[in-house]
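Working notes, structure below.
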Amino acid sequence: MGHSLAQTVFSCIYVLRPERTSSQALLHSYCRVIRATCRAVVSVVSDARTNEEDDLLTMTYGLPFNGDEDAKGLSLLNAVEETICRQLRACKATSSKRRLLEELEPLQTNPHLEESFCKALLCRIRFRKHFLHTLNCMRRPQGRGFELARKHIASCISELDYVLESAEFLRLDLVENGENEIEERTTASGRHPIGFDSTLNKRLSAPTPPRAIKLLSWKKALGYYVKLLHNLDEICGFSLEPDLDFVLQFVIQFQKSRPDLVSRAHLQLLLVQDGKLFGRDTFLAICARGFGLDVTKDHALQKNEYILQLSQLMINLLKILCANAPWQRRKLGKILNDWSIFRVQMGITVGQAMQQDTSRTPKNGDKSLFILNHIYGWLEEQISWVALRFLMLGFDLELYSPSEYCMVYWYMYIILWKLAEKARFRVLIIVNTEERKAKKNKDYHRDMAREDRISLWVLLLQCQISLSQGLTVMLSALRNQGMCLKSQGPFNTESEKFAQHFELLQKASLPEYDAYESFTESTSHTRLDYLPVYEYFRDAQKIAKDIKVGFANDPDKLAEVRALEQVAEHNIIAVNLISQDCSLKVSFEFTHHPYFASAVVRRS
């Protein structure tokens, strides 16, 4: 969670001085595996180079962190596990076979508690073993270890259930003694942990004043592991399809659960390996595949200066999308300008080349120019997608006040319209390409699934466009008729707030005209009796109903479409009520969708 090793894991004297536990096989092997697990976690976060965003301290400050013998921890733990299993079998054996138990040294003094004690130890040992195996399997290149990792994750979750069940046995005498309120303790038994001291290495924590760290309670720690394991399992279950739209959708959906840094680091290392998507496909091939084109044999194009720059931009984008929300939004705003400059430079070069090429007979070399021209158009779509993500993250981070919703939805409408326009153009290119391939080869089968997927994406964008238009008109009408707070304050004017929120978008020429002037012109005269305000929400509602069938096999998208439909329905009712009674009090809440507000009408 970002705290220093010195004040967390290494606040345990057994982990800090492993040589002193060598005579105790159980404790020694368990601590070795914990150290190896820490090293695996620090390794994946360091390789992803995202530790700064969450202030995760990877420095060890002289702690014995990289012990060579830690690698043997798993084999030692396996031997201990086998011993305890024999002990457990002996406990369950009939009296005639109890001689086995006499040959084994008991783990504690009370023979009646031996069986439960063995079970409590085994589930903890097995969890540590499977968790380390999970981390190691997930580091295999190109997702080759994911299938095995999922089996270890399932075992981890199962063992955690047994760990939770063992609490009742471990707390037995405490309950009898009348000691309650142990839920916030850091151990399952509720007792004070032996061998731990949070102030042990306080001076080694970081180049900052030593600080006390409040450790998670035992139950919260289990909850943390369960959430982490589910996030890792989601990554392992991701089908590594070389489709950029599919990848971006998965990353956005994955981020909705607010995963921690460890799982996000694993996702980043999966997406970007050796400068390629999943370590297999070049970003040129991925972009060209979005148009139904094959560029695997065009080696000259792969070395093109603009293609190399594009690959680096895509790598940076995927890394940023794996960051936490505040860091992600800040970085997205900055790279928008880089994308915009790159698009302008590429547009000039491609435009000049296309003009020179119009008088020539098509040759093999011209195919590269044809592909570059399509990629230039795709760049505009991608820039709009990044800008939309930037705006929507503002809702996640609660950066917009209710008085600013109008300008935000106006800007979202501009970006969504641009994005939908470019997406429609891409559909036409794909259909044209597929038809040409079918004419050349009668046995060729068109990829109808991809065409349908992008067409549905365009319709979903159109639904969001209609909602953005409706909310913009509704909010501006309420403001103009004095039924909603205006964006005024003692420090910032509306134009200054507009600049503060959207300055980075305007630097990237989104849009290419004076945005604030256009915003004021389009919203200064709207009224609630303006008929299109109904039509916008009705259009969104109709589109949502039409596309629900298309997303029947995609639960996440289907849930989003239903949420958009609910927003449209509630806002239709709200506009109708407000237009009949102007004394009603109106507020906006995100009860159905995280980015599109629903109007709530109350009597004053």
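The values are calculated or read from the model by the stated rules, or taken from the named source; none is laboratory data. Everything numeric here is computed off the predicted structure, so don't read it as measured data. Cβ placement follows ideal geometry from the backbone for every residue including glycine, while neighbour counts extend to all protein chains displayed. These accessible areas exclude ligands, DNA and RNA; they are computed on the full protein's heavy atoms, side chains included. Shrake-Rupley method; radii C 1.70, N 1.55, O 1.52, S 1.80 Å.
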Scan of the stretch 124-141 for residues that are more than 23 Å from the chain's Cα centre (by Cα) and surrounded by fewer than 18 Cβ atoms within 10 Å (Cβ to Cβ), ordered by number: 124
Complete set of residues in the stretch 64-73 that are part of a helix (DSSP H, G or I) and either at pLDDT 90 or above or open to solvent by less than 30 Å² (accessible area, probe 1.4 Å) (or both): 70, 73
Out of 483, 474, sole residue that is among the aliphatic types (A, V, I, L, M) and surrounded by fewer than 19 Cβ atoms within 10 Å (Cβ to Cβ): 483
Within the stretch 551-561, considering residues that are crowded, with 16+ Cβ neighbours inside 10 Å and of a type outside the set (A, V, I, L, M), the one farthest from residue 484 (Cα to Cα): 551
Every pair of residues 6+ apart whose Cβ atoms lie under 9 Å, when the first sits in the stretch 217-232 and is outside any helix (DSSP H, G or I) while the second is not charged (D, E, K, R): 217/186
Candidate set from the stretch 378-413 (those that are within 18 Å of residue 484 (Cβ to Cβ) and in a loop (DSSP other than H, G, I, E, B)); member that is most open to solvent (accessible area, probe 1.4 Å): 401
The one condition in (1) surrounded by fewer than 17 Cβ atoms within 10 Å (Cβ to Cβ); (2) farther than 30 Å from residue 141 by Cα; (3) not polar (S, T, N, Q) that residue 372 fails to fulfil: (1)
Residues of the stretch 234-268 classified as open to solvent by 40 Å² or more (accessible area, probe 1.4 Å), within 15 Å of residue 134 (Cα to Cα) and in a helix (DSSP H, G or I), total: 1
Count of residues meeting criterion [of a type in the set (A, V, I, L, M, F, W, C) and surrounded by fewer than 17 Cβ atoms within 10 Å (Cβ to Cβ)] in the stretch 14-26: 1
Tally of residues being surrounded by fewer than 19 Cβ atoms within 10 Å (Cβ to Cβ) and in contact (Cβ under 8 Å) with a residue 60 or more places away in the chain across the stretch 536-550: 2
Unmet criterion (only one of (1) assigned to a loop (DSSP other than H, G, I, E, B); (2) in contact (Cβ under 8 Å) with a residue 12 or more places away in the chain; (3) open to solvent by 70 Å² or more (accessible area, probe 1.4 Å)) for residue 334: (1)
Among (1) crowded, with 18+ Cβ neighbours inside 10 Å; (2) at pLDDT 90 or above - the single one residue 494 does not satisfy: (2)
Filter result for the condition that a residue is under 30 Å from residue 264 (Cα atoms) and modelled with pLDDT under 70, over 100, 57: 57
All positions within the stretch 117-158 that are in contact with an Asp or Glu (Cβ under 8 Å, 6 or more places away or on another chain) and not hydrophobic (A, V, I, L, M, F, W, C): 124, 126, 129, 130, 150
Any chance residue 303 is over 25 Å from the mean Cα position of the chain (by Cα) and modelled with pLDDT under 80: no
Within the stretch 19-34, tally of residues that are closer than 19 Å to residue 131 by Cβ and not β-branched (Val, Ile, Thr): 7
Members of the stretch 574-604 that are open to solvent by less than 40 Å² (accessible area, probe 1.4 Å), at pLDDT below 95 and not in a strand (DSSP E or B): 574, 575, 578, 584
Candidate set from the stretch 502-535 (those that are part of a loop (DSSP other than H, G, I, E, B) and either in contact with a Lys or Arg (Cβ under 6 Å, 6 or more places away or on another chain) or free of Cβ contacts under 8 Å to residues at least 24 places away in the same chain (or both)); member that is farthest from residue 234 (Cα to Cα): 531
